[in-house]
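Encoded as structure tokens, the structure appears first; notes follow it.
Readers should treat all values here as calculations from the given coordinates under stated rules, not as data from a laboratory. For clarity, every value in this text was computed on a predicted model and none was experimentally measured. Using ideal geometry, Cβ is built from the backbone for each residue, glycine included, and neighbour counts are taken over all protein chains shown.
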Amino acid sequence: MPIPDLTIIIVNFNSGDFLSGTLESIRKHPPSNDWHVIIVDNCSKDDSFNKARMIVDSDPRFDFIEAEDNLGFAAGNNLAISRSSGRLILLLNPDTCVTGEAIDRLIYQIDGNSDYGAVGPRLVSENGSNTVSFGWLPTARGILSD
């Protein structure tokens, strides 16, 4: 397998059928570049991790890491990043549904803007409305005015 241009990282903890749906959406709408997915399982008690393994079966673009302890979200991502080989890294939540050319658009933006260090997608809810995916940290003035 060639060295991937993009490593997609997903941290799973009891994500139910969401994780399987995310993996299916990646396969249905893959990026144009060479890609690889690393799924870290944080000691899930449900069968989401095993279901995900069955869905991607022997596809060499998918790797699974079973953490010995629940590392938490950040450390789970860091573990996968330490094992990634992609030029670019995409962090996805296990309930993400990739659509259309969304990943290609992100790659286009980061590659076309050398002053960018990161890009993020527009989040859309199931009913089609935009969802705020960012925010400002609270300030004392903001808290007092609320």
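How many angstrom lie between the Cα centre of the range 1-33 and the Cα centre of the range 86-107?
Each part's Cα centre sits 8 Å from the other's.
Give me the one-decimal nm value for the distance between modelled label points at Ser32 and Glu68, 7 Å along each residue's Cα-to-Cβ direction.
4.4 nm
For Phe62, what residues show an amide H to amide H distance below 5 Å, using hydrogens built from the backbone and excluding near sequence neighbours?
Distant-sequence amide H within range of Phe62: Val37.
Report, in deg cm²/dmol and to the nearest 500, the calculated mean residue ellipticity at 222 nm for the chain, where each DSSP H run with n ≥ 4 adds -39500 (n - 2.57) and the sum is divided by the residue count.
Helix contribution divided over all residues of the chain: -9500 deg cm²/dmol.
So I have [x] 1.19; [y] 1.00; [z] 1.13, and one of them is Cα Rg over 2.2 N^0.38 Å calculated from this model. Which one is it?
Evaluating Cα Rg over 2.2 N^0.38 Å on these atoms matches [z].
Could you tell me the calculated FRET efficiency between Met54 and Asp95, based on Cβ-Cβ distance and R0 = 22 angstrom, to the nearest 0.05?
0.70
Once amide H atoms are placed 1.01 Å from N in the peptide plane, what residues at a sequence separation of 5 or more from Asp46, or on another chain, have their amide H within under 5 Å of its amide H?
Asn14
Give me the one-decimal nm value for the distance between modelled label points at Asp104 and Ala75, 7 Å along each residue's Cα-to-Cβ direction.
4.0 nm
If you take the beta carbon distance between Ser129 and Cys43 as r and set R0 to 30 Å, what does 1/(1 + (r/R0)^6) give as a FRET efficiency, to the nearest 0.05?
My answer for the efficiency is 0.30.
Fully extended, how many nm does the chain gain between Leu144 and Ile3 (0.36 nm per residue separation, minus their Cα-Cα distance)?
Residue separation times 0.36 nm, minus the Cα-Cα distance, leaves 45.6 nm.
Taking the Cα centre of the range 5-117 as origin and charging only Cβ (+1 Lys, Arg; -1 Asp, Glu), how large is the dipole, in debye to the nearest 20?
Computed about the Cα centre, the dipole is about 80 debye.
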